[in-house]
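K.L.:
Have a look at this one.
FYI, it's all coordinate maths here, none of it is from the lab. Everything numeric in this text was worked out from a predicted model, so none of it was measured. With ideal geometry, Cβ positions are generated from the backbone for all residues, glycine too; neighbour counts draw on all protein chains shown.
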Amino acid sequence: MNVYETEEELLQGLRRNEKMACTCMLKRFAKRFYLLARRLVNNDAEAEEVLQESFIQACSHIVSFEGKSSLYTWLYRIVTNAALMKRRRHTLETLPLIAEKDGENIDYTMTLIDEGNNPEENILHAEVRSAIREALKQLPDTLREAFILRHIEDLSTKEAAARLGIAESALKVRLHRARHILQTLLAIYQ
């Protein structure tokens with residue numbers, strides 16, 4: 001079912017609130033955006049929720065689409081934002097933390113709990129894990145998003161910058177600030 005041949009025809013249909021326009025938009029873009037949402041939230045059911053929320057939002061806010069970019073680019077941003085918001089709602093407990101110390105990357109979650117540790121060490125590791133969660137929560141959203149995309153999602157600088165819609169140099173600044181804040185907050189555990 002492709003009632004609209006071109007993106008421009010689809011846009012006109014959306015703006016006229018034609019019944020088939022949203023359905024056609026969903027059919028045209030759903031597969032690609034489901035894959036994007038799935039990569040961001042790492043869960044099939046949540047990716048479907050993100051997709052549904054995003055397309056509902058896009059259809060109801062089509063008047064805010066100014067046409068400065070393609071419909072695909074506009075939808076990409078909506079889906080990305082919805083997925084990142086969903087991730088923010090989740091506890092940060094399962095997120096690994098990689099920080100730089102003395103020029104080396106250290107994955108703190110790999111050392112948090114070792115079955116061979118004695119109870120005192122396990123208590124200390126639980127305190128470190130809690131401190132890491134709290135430190136991540138204290139980062140401003142823009143810095144946390146940059147940090148997660150680059151160091152947890154393991155995207156390249158170019159990919160992470162594109163995902164956030166910023167220049168690579170801006171991403172590097174955000175990463176530097178995020179690392180600095182995390183190192184300061186976690187200094188007592190190093």
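K.L.:
Which of the lysines could a cross-linker bridge to Lys68, judged by Cα under 26 Å and excluding same-chain residues fewer than eight apart?
P.N.:
Lys19, Lys27, Lys31, Lys158
K.L.:
A follow-up question, please. Under the 0.36 nm per residue contour assumption, what length would be gained going from the current alpha-carbon distance of Lys68 and Ile152 to full extension?
P.N.:
Extra length from Lys68 to Ile152 when fully extended: 27.1 nm.
K.L.:
Counting only residues 5 or more places away or on other chains, whose amide H sits under 5 Å from the amide H of Ile166 once H atoms are built in the peptide plane?
P.N.:
Answer set, sorted by chain and number: none.
K.L.:
Sticking with this one: Would you mind checking which residues have amide H under 5 Å from Glu18's amide H? H placed 1.01 Å from N; only 5 or more apart, or other chain.
P.N.:
Under 5 Å from the amide H of Glu18: no residue qualifies.
K.L.:
Where in region 161-188 does the amide nitrogen come within less than 19 Å of the point 7 Å from the Cα of Gln57, taken along Cα to Cβ?
P.N.:
161-166
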